[in-house]
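Computed from the coordinates by the stated procedures, all read-outs in this text should not be read as laboratory data. If you're wondering where the values come from, they're calculated on a predicted model, not measured in any experiment.
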Amino acid sequence: MFTRSITDYCERISNGIFSEPINLFSNLLFFISAFLIFKIFKKNKIKDLLYWLLLFFITLIGIGSSLWHSFRNLFTLALDAIPIYLFIFIFLYLVLRKLLNNKWKPLIFVTSFIVIQVLISILFPKALNGSIRHVINVLIFVFLIIWIHKRKLLNRYFIISFLLYFLGIIFRSIDNEVCNLFPLGTHFLWHMCTSLATYFSVIALIKSRNNQK
């Protein structure tokens, strides 16, 4: 028999494949984001492998999250979490590569950052409904936006992606708190905001690469 204690999400209504239907289908936006980015890459003739890896991991985020919200186990949890880490890893690397005009220093920074993220996730898995690592990301991104602005590389897409990500974290964090008022919860809004954030973050990189506003 289904019990809510097995999940962290308001919406879960059973233990079957469609146990979280809205959380499941809201992941479609990641695939839409990936498709639109693919078209932009083709239009701009993007050949850098790291940019294409961003597109690949956006697709994997959609797949992993869909599986996690359908089949809850350690394997699908890894499929849900790891592509997010890898997308952030590559995004940070590309931003820092541009800022530092160096290939190796950014690699050291982002590797250390990911290690810290993993440790925090292990030590504080339930903090802010599992969103503590995303809060740390926000703090890092604030620093990056200030730095990008000083280097005159800031464009509005960086700001849009940051605001969407920040809003998504709020929705992710309050999901359990609003169950009585809104049984669907707010986790699906996290999916919507972050899928849009991935799209605008990649656009921001392309604009900054071309020094456009």
Worksheet, complete the sentence: Per GNM of the chain with C-alpha springs under 10 angstrom, the most fluctuating residue out of Phe158, Phe71, Phe87 is Phe71
Discussion item. Along each principal axis of its Cα atoms, how long is region 135-180 end to end? Whole angstroms, biggest number first, please.
Written reply: 47, 18, 8
Worksheet item: With θ set to phi - 60° and the Karplus curve 6.51 cos²θ - 1.76 cosθ + 1.60, what are the ³J(HN,Hα) couplings of region 140-146 in order, to the nearest whole Hz, using x for Gly and Pro?
Response: 5, 5, 4, 4, 5, 4, 4
Worksheet entry | the chain: radius of gyration over Cα atoms, expressed as a fraction of 2.2 N^0.38 Å | 1.03
Worksheet item: Any idea what % of Cα-Cα pairs in region 55-178 are farther than 20 Å?
Response: 50
Worksheet item: With springs only between Cα atoms under 10 Å, which of Ser173, Ser195, Ser14 fluctuates most in a Gaussian network model of the chain?
Response: Ser14
Item to complete: For region 168-213, report the translational diffusion coefficient in µm²/s to the nearest whole number, using Stokes-Einstein at 10 °C, 1.306 mPa s, and a Kirkwood Rh over Cα pairs.
Response: 133
Response to the item:
Under the Karplus relation with 6.51, -1.76 and 1.60 and θ = phi - 60°, whole-Hz ³J(HN,Hα) for region 42-59, x at Gly and Pro, equal 5, 5, 8, 6, 6, 10, 4, 4, 5, 5, 5, 5, 4, 4, 4, 6, 4, 4
Practice prompt. Apply the Karplus parameterisation 6.51 cos²θ - 1.76 cosθ + 1.60, with θ equal to phi minus 60°, to every residue of region 166-180 and state each ³J(HN,Hα) to the nearest whole Hz, in sequence, with x for glycine and proline.
Written response: 4, 5, x, 4, 4, 4, 5, 6, 9, 3, 6, 6, 9, 3, 5
Worksheet item: Could you name the lysines in cross-link range of Lys150, using Cα to Cα under 29 Å and dropping any fewer than eight places away on the same chain?
Response: Lys45, Lys47, Lys98, Lys103, Lys105, Lys207, Lys213
Worksheet entry | Candidates Ser112, Ser161, Ser121, ranked by Gaussian network fluctuation over the chain, Cα under 10 Å, top entry | Ser112
Worksheet entry | Cα-Cα separations in region 26-108 greater than 15 Å, expressed as whole percent | 62
